[in-house]
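Below: one structure, written as structure tokens.
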Amino acid sequence: MSIIWKPRLDPDAAYWRDLARELTEQHFAPLAPILDRDQRYPVESVELLQKHKIAGMFVPKPFGGEGATLTSLCAVVDEVAQGCASTAAIVVALPLGGFPILLEGSELQKRIYLGGLSREGVAVNFALSERGAGSDIAAIQTAATREGDGWRIRGEKCWLGNGGAARYYIVFARSDEERGVTAFLVDKEQPGVVIDFFEDKMGLRGTLTSNLKLDTAVTDNAIVGTEGRGLRLALKTLSVGRVTVAAQSVGIGIAAYEAAARHAVERKTFGQAIIDHQGIGFRLADVATELSAARMMTYEAARAYDAGEDIGVLGAMAKLYASEAAHRAVNAAVQTLGGFGYVKPSPVERYYRDQRITEIYEGTSEIQRLVIARAIKTSKDKA
């Protein structure tokens, strides 16, 4: 039995966790090394996510979803990441594009796009990053200019997680030098929308990470939220996404820790199990403690969101701590297994590569520290 802290979940969240655990054990985990080897998008896994209503679980019931809490979503991501980080990343990406619509979309947009995701698995992708505007999202160069009674969007977006599998995009474009950035809904099938290549990645090789080029027209009805207030909407969305990435980090870290702990108990050197060597045992004790703390912080951030609280700072803390705790966990796992952990087909080798992105996407660790530092300054200024 694992000594990692386990969250106390309400019956609904426990249902989703148990369902995710069953699907992971039976389907996602056995497929993980194949997806990694072949860099293949798991269509069959996505079909299972849709069949079991995980794909649209966060969508409110009036729009065809299950109305699940962020705590439930984190429980799913946590479980799936323990077996397949790529599939967990897909679970994270599915709601990310839908959250701007959930937060500020019109009723019609919610019925069409959230309903499409919940009923048919038609995904909406979050298209924010650019080559020169990753951490500095205010530097966005994609432009939306008035054309007739609508808009012409021109530019390029990169690092779109699940981008090649999505039907729609939430594109953030500079609509006015003074008024700022606006979020637009763009259909993949309309003229001037081109996925021109997919990234060849270190880890999460079962996901599609695409580049998007745009020279296309949309109407005013495509605007999500308020014209010129897109950056605010993007940041609100990222606050939620960071908590799900924290859950993914925890899951990857736990998988690595469990592999290392099994090896340390079974492997003998100098006449005793290597767990009894302080250099190994103490390292794993630190990992177990840090992952427990990371999990606590992650579920507390999810609980706070579900309670209607502002999680801008807490979400940044959870993402920062969980991703870096997972980094230390996968590093300790490779070190504990030695040569066995460095070579394929050891799952620890895959965990090591899969984990690294959690310190980068949804805001790098440096950006999380910046968010927290600004909050410290603001709190002192108010005091």
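None of 351, 305 is among the aromatic types (Phe, Trp, Tyr), over 19 Å from residue 73 (Cα atoms) and within 17 Å of the chain's Cα centre (by Cα) except 351. Total residues in segment 30-44 satisfying the condition of being in contact (Cβ under 8 Å) with a residue 12 or more places away in the chain and farther than 14 Å from residue 205 by Cα: the figure is 1.
Quick check on this structure: which one of 273, 255 is modelled with pLDDT of 95 or more and of a type in the set (A, V, I, L, M, F, W, C)? It would help to see each step written out before you state the result.
Details: 273 fails: modelled with pLDDT of 95 or more.
None of the other options fit; the residue is 255.
Taking the criterion of being farther than 28 Å from residue 103 by Cβ and either in contact with a Cys (Cβ under 6 Å, 6 or more places away or on another chain) or crowded, with 19+ Cβ neighbours inside 10 Å (or both), the residues of segment 32-58 that qualify are 32, 35, 36, 42. Consider residue 79 carefully, then state whether it is crowded, with 24+ Cβ neighbours inside 10 Å and of a type outside the set (A, V, I, L, M, F, W, C). Answer is yes for this residue.
In segment 1-31, of all residues being among the basic types (Lys, Arg) and in a helix (DSSP H, G or I), the one that is surrounded by the most Cβ atoms within 10 Å (Cβ to Cβ) corresponds to 17.
Residues that are among the polar types (S, T, N, Q) and at pLDDT below 95 were ranked within segment 162-183; the one that is surrounded by the most Cβ atoms within 10 Å (Cβ to Cβ) is 162.
Listed by first and then second residue, the pairs linking a residue in segment 352-373 that is farther than 15 Å from residue 321 by Cβ to a residue that is of a type in the set (Val, Ile, Thr) and in a helix (DSSP H, G or I), with Cβ atoms under 6 Å apart and 6 or more places separating them unless they lie on different chains, are 352/330; 352/334; 354/252. Exactly one residue among 218, 250, 186 is buried (at least 16 other Cβ atoms within 10 Å of the Cβ) and assigned by TED's automatic domain parsing to the domain that holds residue 287, and that residue is 250.
Condition (residue is without any contact (Cβ under 8 Å) to a residue 40 or more places away in the chain, out of contact with any helix residue (DSSP H, G or I) (no Cβ under 8 Å at 6 or more places or on another chain) and among the acidic types (Asp, Glu)) applied to segment 123-131: is it met by at least one residue? Checked against the condition, which is being without any contact (Cβ under 8 Å) to a residue 40 or more places away in the chain, out of contact with any helix residue (DSSP H, G or I) (no Cβ under 8 Å at 6 or more places or on another chain) and among the acidic types (Asp, Glu), segment 123-131 yields no hits at all. Quick check on residue 104: is it over 25 Å from residue 21 (Cβ atoms), modelled with pLDDT of 95 or more and more than 17 Å from the chain's Cα centre (by Cα)? The answer is yes for residue 104. Scanning segment 337-350 turns up no residue that is at pLDDT 95 or above, within 28 Å of residue 8 (Cβ to Cβ) and either assigned to a helix (DSSP H, G or I) or not assigned by TED's automatic domain parsing to the domain that holds residue 137 (or both).
The residues on offer are 174, 154, and the sole one that is touching an Asp or Glu at 6+ places or on another chain (Cβ under 7 Å) and touching a residue at least 24 places away in the same chain (Cβ under 8 Å) is 154. The condition (being of a type outside the set (Gly, Ala, Ser), surrounded by 19 or more Cβ atoms within 10 Å (Cβ to Cβ) and free of Cβ contacts under 8 Å to residues at least 40 places away in the same chain) is satisfied by just one residue among 290, 300, 309: 290.
Of the residues that make up segment 133-154, is at least one under 24 Å from residue 53 (Cβ atoms), surrounded by fewer than 17 Cβ atoms within 10 Å (Cβ to Cβ) and not hydrophobic (A, V, I, L, M, F, W, C)?
There is no residue in segment 133-154 that is under 24 Å from residue 53 (Cβ atoms), surrounded by fewer than 17 Cβ atoms within 10 Å (Cβ to Cβ) and not hydrophobic (A, V, I, L, M, F, W, C).
Would you call residue 309 charged (D, E, K, R), outside any helix (DSSP H, G or I) and modelled with pLDDT of 95 or more? Against the criterion (charged (D, E, K, R), outside any helix (DSSP H, G or I) and modelled with pLDDT of 95 or more), residue 309 qualifies. Residues in segment 367-383 that are under 17 Å from the mean Cα position of the chain (by Cα) and surrounded by fewer than 16 Cβ atoms within 10 Å (Cβ to Cβ): none. The single condition from (1) in a helix (DSSP H, G or I); (2) at pLDDT 95 or above; (3) crowded, with 23+ Cβ neighbours inside 10 Å that residue 68 fails is (1).
The values are calculated or read from the model by the stated rules, or taken from the named source; none is laboratory data. If you're wondering where the values come from, they're calculated on a predicted model, not measured in any experiment. All Cβ positions, even for glycine, are placed from backbone atoms using ideal geometry, and neighbour counts span all protein chains on display.
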